[in-house]
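A.B. asks: So that we are looking at the same thing, I have put the structure below in structure tokens.
The values are calculated or read from the model by the stated rules, or taken from the named source; none is laboratory data. Remember, predicted model here, so these are calculated numbers, not experimental data. Note: ideal-geometry Cβ built from the backbone for every residue, glycine included; neighbour counts use all protein chains shown.
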Amino acid sequence: MPNQKVVDNAAWRMGGITVPAVEDYIYSLLPPRDEVLTEIEAEAAKRDVPIVGPAVGRILYQLALMIGAKTVFELGSAIGYSTIWWARAVGEGGRVIYTDGDRKKAEEARGYFDRAGVSKRITLKTGDALELLSEEKQQFDIIFNDGPVRSTAVRHTHIGAGGAWLCGRGNRNGEC
């Protein structure tokens, strides 16, 4: 592949959504990622930590740019891979809220955010993602459900006009 080596057994591979040859082709078209993202990809593959992966990360980034998103709330963030994509998309003055139930993952993510240069745009919160969202008084441009969280109530009360409710790979079974 012309750009970066794709890890065959990576947790972020699409596995079953398309045939491997098509998936390999998609990944061959992506521009190279920086050192922090590739490190997270390798760690996720090694430890079987669910992340969205580089193809989906790039799509999320583009979606945020397309709607001019400045605020993103993530329901489930693991080690922060998608958070970095969101933080880069919202730009200076934007805000991303990272949530995870595991303080250890949150601390690991904080290290990646610092190294990626986006930590000033990210607020880390640990605990139940829906409870954390319910504490928010504002509406968001994007709510990204990237965990085993199911709720339709938040869609209407926490998403601003023109905003988006998106579901990640943790919801392939049609649950969102």
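A.B. asks: Looking at (1) farther than 22 Å from Leu63 by Cα; (2) of a type in the set (Gly, Ala, Ser); (3) at pLDDT below 95, which one does Gly111 not meet, given that it meets all the others?
C.D. replies: (3)
A.B. asks: When the stretch 79-126 is examined, which residues are found to be over 16 Å from Phe140 (Cα atoms) and assigned to a loop (DSSP other than H, G, I, E, B)?
C.D. replies: Within the stretch 79-126, Ile79, Gly80, Glu92, Gly101, Asp102, Gly117, Val118 meet the criteria.
A.B. asks: Something else about it: Filter the stretch 117-140 for residues that are at pLDDT 95 or above and buried (at least 21 other Cβ atoms within 10 Å of the Cβ); which is farthest from Glu39 (Cα to Cα)?
C.D. replies: Only one residue fits best here, namely Phe140.
A.B. asks: Looking for whichever is at negative phi, β-branched (Val, Ile, Thr), touching a Ser or Thr at 6+ places or on another chain (Cβ under 6 Å) and in contact (Cβ under 8 Å) with a residue 40 or more places away in the chain here; the options are Val52, Val56, Val36. Which one fits? Steps first, please.
C.D. replies: Numbers: Val56 fails: touching a Ser or Thr at 6+ places or on another chain (Cβ under 6 Å); Val36 fails: touching a Ser or Thr at 6+ places or on another chain (Cβ under 6 Å).
Exactly one of Val52, Val56, Val36 is at negative phi, β-branched (Val, Ile, Thr), touching a Ser or Thr at 6+ places or on another chain (Cβ under 6 Å) and in contact (Cβ under 8 Å) with a residue 40 or more places away in the chain, namely Val52.
A.B. asks: Restricting attention to the stretch 151-166, does a residue exist that is at pLDDT 95 or above and touching a helix residue (DSSP H, G or I) at 6+ places or on another chain (Cβ under 7 Å)? Please lay out each step first, then the result.
C.D. replies: From the stretch 151-166, those at pLDDT 95 or above are none; that's our starting set.
The answer is no; no qualifying residue exists.
A.B. asks: Out of Gln62, Gln4, which single residue is more than 30 Å from Glu131 (Cβ to Cβ), among the polar types (S, T, N, Q) and modelled with pLDDT of 95 or more? Walk me through it before giving the result.
C.D. replies: Numbers: Gln4 fails: modelled with pLDDT of 95 or more.
After applying the criteria, what remains is Gln62.
A.B. asks: Let me ask something else. Picking from Gly68, Gly147, Gly76, Gly93, which residue would you name as being small (Gly, Ala, Ser), at positive phi and surrounded by 14 or more Cβ atoms within 10 Å (Cβ to Cβ)?
C.D. replies: Working: Gly68 fails: surrounded by 14 or more Cβ atoms within 10 Å (Cβ to Cβ); Gly147 fails: at positive phi; Gly93 fails: surrounded by 14 or more Cβ atoms within 10 Å (Cβ to Cβ).
Step by step, each of Gly68, Gly147, Gly76, Gly93 is checked, and only Gly76 is small (Gly, Ala, Ser), at positive phi and surrounded by 14 or more Cβ atoms within 10 Å (Cβ to Cβ).
A.B. asks: Write out, first by first residue and then by second, each pair whose Cβ atoms fall under 6 Å of each other, whose residues are 6+ apart or on separate chains, and whose first residue, in the stretch 88-115, is free of Cβ contacts under 8 Å to residues at least 60 places away in the same chain while the second is surrounded by fewer than 14 Cβ atoms within 10 Å (Cβ to Cβ) and assigned to a helix (DSSP H, G or I).
C.D. replies: Here the result reads Ala89/Leu65, each pair linking the stretch 88-115 to a residue that is surrounded by fewer than 14 Cβ atoms within 10 Å (Cβ to Cβ) and assigned to a helix (DSSP H, G or I).
A.B. asks: Across the stretch 30-65, what is the total count of residues that are assigned to a helix (DSSP H, G or I) and either surrounded by 12 or more Cβ atoms within 10 Å (Cβ to Cβ) or among the polar types (S, T, N, Q) (or both)? Full working, then the answer.
C.D. replies: Let us first name the residues in the stretch 30-65 that are assigned to a helix (DSSP H, G or I), namely 35-47, 53-65.
After this cut, where a residue has to be either surrounded by 12 or more Cβ atoms within 10 Å (Cβ to Cβ) or among the polar types (S, T, N, Q) (or both) as well, the list is 36-46, 53-65.
Matching residues across the stretch 30-65 total 24.
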